[in-house]
1. Tell me the residue from 154, 67 that is open to solvent by less than 30 Å² (accessible area, probe 1.4 Å) and away from ligand 1 (no atom under 13 Å from the Cβ), please.
2. Look at residue 220 and say whether it is closer than 20 Å to residue 286 by Cβ, open to solvent by 40 Å² or more (accessible area, probe 1.4 Å) and out of contact with any Cys (no Cβ under 7 Å at 6 or more places or on another chain).
3. Do we have residue 10 as within 16 Å of ligand 1 (Cβ to nearest atom), of a type in the set (Val, Ile, Thr), open to solvent by 70 Å² or more (accessible area, probe 1.4 Å) and under 30 Å from residue 167 (Cβ atoms) here?
4. Quick one: in the range 106-147, which of the residues that are open to solvent by 20 Å² or more (accessible area, probe 1.4 Å) and of a type in the set (Ser, Thr, Tyr) is nearest to ligand 1 (Cβ to nearest atom)?
5. Give 19, 23, 47 a once-over and let me know the one that is open to solvent by less than 50 Å² (accessible area, probe 1.4 Å), assigned to a strand (DSSP E or B) and in contact with a helix residue (DSSP H, G or I) (Cβ under 8 Å, 6 or more places away or on another chain).
6. Answer yes or no as to whether residue 36 is open to solvent by 10 Å² or more (accessible area, probe 1.4 Å), more than 16 Å from ligand 1 (Cβ to nearest atom) and over 25 Å from residue 272 (Cα atoms).
7. Of all residues in the range 70-100, which are open to solvent by 50 Å² or more (accessible area, probe 1.4 Å) and closer than 15 Å to residue 123 by Cα?
Amino acid sequence: MNLKGRSFLTLKDFRPEEIEYLIDLSAELKVKKKSGEFGNNLKGKNIALIFEKPSTRTRCAFTVACVDEGGHPEYLGKNDIQLGHKESIEDSARVLSRMFDGIEFRGFSHDTVEKLSKYSNVPVWNGLTDKYHPTQILADFLTIKEHIGKLKGVKLVYVGDGRNNVANSLMIGSSKLGLDFTILAPKSLWPEESLIKECDKYNEKSNGSIKTTDSPKDLDGADVIYTDVWCSMGEEEFAAERINILKPYQVNSGLLMQTKNEKTILLHCLPAVKGNEVTEEVFEKHADAIFDQAENRLHTIKAVMVATIGNN
Ligand code: CP
Ligand code: NVA
């Protein structure tokens, strides 16, 4: 599989076998790292890490993954460069891509990462925008494979803010790879109809499915429950309103019991607001899977860089 030179802006741009390839490569790189072996796949490569929003996992995963494979990461925080302030995105993209071999962008508008990619002649990786968080989903799927042994036919229920970046990307990834995906959320927080339609098309090929519901009864048989914060970065003004409408959707022991499946695992992309979207008790009970998922950000982000700009 050759993904050299490709940007990674959303999973929509990748065929199912390409996504599977990235997950398999992540698993290989994970084994390699655990055995204490480091590679030279990024030797001689410089990568720019642009962050308009804060990050723990994504920033650290890009940094450690790059160094593990012999490359050099450069962190560019929101006050460090001119991007979008004193210099247009188009110009910053052309400058950075003359110096760097790959550019990661985390920020607000998805248009920014698209513009960066359009005006760069090196791969651009989306480290989260208001709309999508595609590298997160690679880690989520690697974790599901590790804990459940497969992806196809897995019943994955996302509970909470069903139209945020993580929910959107999970729905795209699920429909590409044939999972049975449910959004359990109040109607006002269901995903955009146009995105559901796009994903329905992917499901025709993968045999996956999408269900939107506001009834916890639809948790029946869930293999995986997934939740995320009720109020994403940049949406702080909606915090009180969200708490109000999402309270009945808190992942607590009562809600978990509705799966009628003792083996249901809980995933959370983190950071978590315990007491809101998940109770401390339920979070701690499922901490092993959740922190495997966090660790897997490293291996999957490494796979994306190795596949798109790696030396081999
Ligand atoms: N899950 C995730 O993207 O975490 P950070 O915001 O810490 O990068
Ligand atoms: N939906 C969350 C994800 C954080 C990783 C946010 O955008 O803040």
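1. Details: 67 fails: open to solvent by less than 30 Å² (accessible area, probe 1.4 Å).
Every option except 154 fails the conditions.
2. Values: closer than 20 Å to residue 286 by Cβ: yes; open to solvent by 40 Å² or more (accessible area, probe 1.4 Å): yes; out of contact with any Cys (no Cβ under 7 Å at 6 or more places or on another chain): yes.
Considered against the rule, which asks whether it is closer than 20 Å to residue 286 by Cβ, open to solvent by 40 Å² or more (accessible area, probe 1.4 Å) and out of contact with any Cys (no Cβ under 7 Å at 6 or more places or on another chain), residue 220 comes out as yes.
3. Numbers: within 16 Å of ligand 1 (Cβ to nearest atom): yes; of a type in the set (Val, Ile, Thr): yes; open to solvent by 70 Å² or more (accessible area, probe 1.4 Å): no; under 30 Å from residue 167 (Cβ atoms): yes.
No: the conditions fail for residue 10.
4. 109
5. On the way: 19 fails: assigned to a strand (DSSP E or B); 23 fails: assigned to a strand (DSSP E or B).
Going through 19, 23, 47 in turn, just one is open to solvent by less than 50 Å² (accessible area, probe 1.4 Å), assigned to a strand (DSSP E or B) and in contact with a helix residue (DSSP H, G or I) (Cβ under 8 Å, 6 or more places away or on another chain): 47.
6. Values: open to solvent by 10 Å² or more (accessible area, probe 1.4 Å): yes; more than 16 Å from ligand 1 (Cβ to nearest atom): yes; over 25 Å from residue 272 (Cα atoms): yes.
It is true that residue 36 is open to solvent by 10 Å² or more (accessible area, probe 1.4 Å), more than 16 Å from ligand 1 (Cβ to nearest atom) and over 25 Å from residue 272 (Cα atoms).
7. Of everything in the range 70-100, those that are open to solvent by 50 Å² or more (accessible area, probe 1.4 Å) and closer than 15 Å to residue 123 by Cα turn out to be 94, 95, 98, 99.
Conditions tested, residue by residue: (1) at pLDDT below 95; (2) part of a helix (DSSP H, G or I); (3) within 15 Å of ligand 2 (Cβ to nearest atom).
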residue	(1), (2), (3)
73	no, no, no
94	no, yes, no
108	no, no, yes
128	no, no, yes
140	no, yes, yes
145	no, yes, no
151	no, no, no
167	no, yes, yes
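The values are calculated or read from the model by the stated rules, or taken from the named source; none is laboratory data. Because the structure is a prediction, the values reported are computed rather than measured. Note that each Cβ is placed from the backbone with ideal geometry, even for glycine, and that neighbours are counted across all protein chains shown. In case anyone asks, the SASA skips ligands and DNA or RNA and just uses the protein heavy atoms, side chains included. Shrake-Rupley method; radii C 1.70, N 1.55, O 1.52, S 1.80 Å.
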